[in-house]
Structures are given as structure tokens and as C-alpha cells.
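All of the numbers you see were taken from the coordinates with simple rules; none came from a lab. Keep in mind it's a predicted model, so treat the numbers as computed, not measured. Cβ coordinates were reconstructed from backbone atoms using ideal geometry, including for glycine residues, and neighbour counts include every protein chain displayed.
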Amino acid sequence: MKQSRTPLHALIAGIGLLGATALAHAGEVEVLHYWTSGGEAKSAAELKKMMAAKGHTWKDFAVAGGGGENAMTVLKTRVVSGNPPTAAQIKGPSIQEWGNEGVLANLDPVAKAGGWDTLLPPVVANVMKYKGNYVAVPVNVHRVNWMWVNPEVFKKAGAKIPTTWDEFAAAADKIQKAGFIPVAHGGQNWQDATVFESIALGVGGADYYQKAFVKLDAAALASPTTEKVFDTLRLVKKYTDKDSPGRDWNLATAMVINGKAAMQFMGDWAKGEFTAAGKKPGTDFICAPAPGTAKAYTFNIDSFVLFSQKSKDMKVTNDLAASILSPEFQEVFNLNKGSIPARLNMPKTKFDDCARLSMDDFVATSKSGGLVPSFAHGMAMPSATQGAVVDVVSNFMNSSMSSKDAVQKLIAASKKR
Ligand code: GAL
């Protein structure tokens, strides 16, 4: 699965877009998303329910493919043909790229009425604004640096849940000898990058991560730490099974759920799968920070941008934006999705221990400097840079490229715009 690499501005250039944006019918909400796995679909259904309750018709625009590459390709085609949906799941720096095209609705009236500036932590609100105006609305905060564990498999293998990458190797050896797959992995480029960024955080710490993968600092990328990160990625690969290439992430999660595999490195959308399968945290499965990352947090904020529509359609747009930030929606959506609410001061009562740990760590790391954006999930780099960096990681994972060569390729990729 390849990302469409044509820059957005090149695709949209020259098209009389704003004049042609109102093809969606009044009262009809068409939302592009890529939430098609069990837990994800249950979460998306909550949005549909809420909009139906307001009298709007939901037109589902789901494009399968974890991480959303397929969805973005389809979205570009729709926008270029002058027929954007009501809203689309867009996040991170891409919001700025879409803002530059002048196709997004200004949500400031809804944001002012709803007091979004006080409801949202600044780290979240900043991502939602283009030139100081709200153009996107957040649904959640996902933590990416998790390790999902089947405790029964660890017990049978006599292995200890690892807190460092050295301990990981010791545990993985035991698990393999006991006849289980140590690491459930799906060999798709975004999943390779997800594992890589957790390793980078664990091996190098939040400061290194920030310099190398957010500031794209060449000296940090060229440091011996980056070589060690690639070495560790190769080590993890050794403990995956031969059927991993191409596997969807939720099928990898299922391997942990049904006891075929011991662990998976994946964001907490994986918890949505455990929950949908009726599994309980602490007993049936364990959520632990990826080795070495207990004091850090890679965040991934899902959000929707809403496209400019002719005024008659703005009611739908405004209703959708307001609904997404309502406490009711933020609660029910995130209980299903595995993430935590994007808005502050939500009651924790219904949330499980994994979500509570995520809530506490989000606050603690935002004070300690351990809170960093996930690059594998589109929160840290311009999309062209991200595509190039992810390709290097994935090519390394699927070849015998040396860690030294990979570092050089990574430095080159970090310059791509
Ligand atoms: C992430 C997204 C999550 C989840 C995951 C797998 O990028 O933020 O909401 O859907 O991909 O598709």
C-alpha cells in the first residue's frame, strides 16, 4: 500500500474549488474515515447515532486501510473533482496543508459558542487551528507507545513483562522456546513505523525523539542512538512470524487476544479490539508502556476537518462540530475506541485502568517534557517528509540493509518536503 505522494497543492491548483463545494445535500452528513475494524466501527457508529438523533442523514464514507493512507488518496480525488464530503478524518500538520488550499470551513462561531479554548488543552487546540481559526475538531487522544500483552502466554513461557529492550530480548527468547510467537506484527509500512517510533522513544528518550523526529535535527539523526534504534528494530523483527507481511493491525491484535502471540506494539486503538472481544484489562490482557517509555507519551489526536459548504449546509457542519466535542460523545466514542477524550475535565468513572493511566500520563508528560507527537501517525512532520521517513523504516524492516546505511537514508528522507 503506497501513499499518494502528489503534493496537495499540485492536485488542487487551478480548480475552482470553492464554487463547487456544495454538492452534499442539506441535512446529509457525509464523513470520510477509515475506522473499519471491530472496535473502530463501533466507535464510528456512535457518531452516526448522534447525528441521526439531530435529524441528519448519515452517509458513510469509510475507506478501509489502517493508518488512513487509502482514505487520503480517495479524499484528494473527491476534493479535486469539486465534491468534498461534509467532513474528513484529517490530523496533525496535514490540517495546515488543507488549510493552505482554502477549502476548510471556519469553525470559530461554534468554537466560541462552545468555549473550545477553555475545553481543550493548548497542545490539542493548537493543532486544530489554521492561522488562529479553528478548522478542525478533535475526537480523542490516542497514546501510541503501548505494548499489548497476553499475560497467560507470558506465564506459560515463564517470562517477565519487559520494561527495557534488554529485558524484551530475554522474554522473547523464552516465549519463542515455549512455542508462541513473541511479537504479533503486521508488515505494513505504517505499522513498521509505529514499532520504530516506540523503540526510538525507549532507546533514545523523549529529548532525542523530539530532536530527531520532530525538529528533524541532522545531528540527532546522525547520532549513534539512531543506529541503535535500527538495531533494535531488527531484533524485534526476529521475533515476528513469517506471515506478518501485509497483515492488518487488527489481525495482529487478534493473535494476542487468542493467545497465539505474546505481545503487540501498537497504539491504543488496539484496546478497542480487546474490548470489542469482551476482554478485560488487567486480567485477560495487560497494557504496558513499550519498553523504556513509561515516562513518555507519543500522542496521536484524531480529528475531523469540515469542508466549506454553501450557507444552507452550514447547519449540518456546525451540528457535527458541536456534537463531536459534546461530553456525551467524547465519552461513548472513546470508551469504544481505546483512546481518551480530547476535552479536559471529563469524568473518569467509566474508563478502565489503561485509559486512566493514559489520562494521568498525558498530564504528567505535558509538564515533564515527555509528551511528543507521533510521527508514524501524522502528528509530527509534513506529510511528504513523513512518507519518505516511513519508507526508509519499512525498507529497512524488509531487507538486509545495514543500520548504518539506514541512518544515512533517514537523514536524506528527513529533508524531503
Ligand atoms: C491511526 C488512527 C487511529 C486508528 C489507527 C488504525 O492513525 O489515528 O484512529 O484508526 O490509525 O487505523
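Odds and ends about this structure:
- Separation between Cα centres of region 147-200 and region 252-284, rounded to whole Å: 13
- The chain, dipole about Cα centre (Lys/Arg Cβ +1, Asp/Glu Cβ -1), debye to the nearest 20: 160
- Take every DSSP beta bridge whose two residues both sit in the chain; close to 55 percent of them are antiparallel.
- Each of L344, T283, T194 was scored by the projection of its Cα onto the charge dipole of the chain, and the greatest displacement toward the positive side belongs to T194; charges sit on the C-beta of Lys, Arg, Asp and Glu.
- Region 82-220, relative contact order [Cα under 8 Å, separation at least 6], %: 14
- Computed from phi, the 3J(HN,Hα) profile of region 222-232 under the Karplus parametrisation 6.51, -1.76, 1.60 (θ = phi - 60°) reads 7, 6, x, 4, 5, 4, 5, 4, 5, 4, 5 Hz, with x in place of Gly and Pro.
- Backbone geometry of region 28-44 corresponds, through the Karplus equation with coefficients 6.51, -1.76 and 1.60 at θ = phi - 60°, to 3J(HN,Hα) couplings of 9, 9, 10, 10, 7, 8, 10, 9, 10, 6, x, x, 5, 5, 4, 5, 4 Hz, x marking Gly and Pro.
- When the C-alpha to C-alpha distance is required to be over 26 Å, the pairs from K156/K280; K237/K280; K295/K415; K129/K280 that qualify are K237/K280; K295/K415; K129/K280.
- Charge tally around F285: other residues with Cβ under 9 Å, Lys/Arg +1 each, Asp/Glu -1 each, net +2.
- Residue (of L75, Q96, A52) at the positive-pole extreme of region 43-99, dipole from beta-carbon charges: A52
- Taking the Cα atoms of region 270-349, the ratio Rg/Rh between the radius of gyration and the Kirkwood radius comes to 1.08.
- Of K174/K242; K54/K271; K177/K271, pairs whose Cα-Cα distance is over 23 Å: K54/K271; K177/K271
- Check: region 193-252 dipole with +1 on Lys, Arg Cβ and -1 on Asp, Glu Cβ, in debye: 120
- Taking 4 °C and 1.567 mPa s as conditions, region 146-225 diffuses translationally at an estimated 91 µm²/s according to Stokes-Einstein applied to its Kirkwood radius (Cα pairs).
- Cα-based shape type of region 302-417, given that a ≥ b ≥ c are square roots of the gyration tensor eigenvalues and the cut on a/c is 1.5: oblate
- Shape of the chain, Cα gyration tensor, a/c cut at 1.5: prolate
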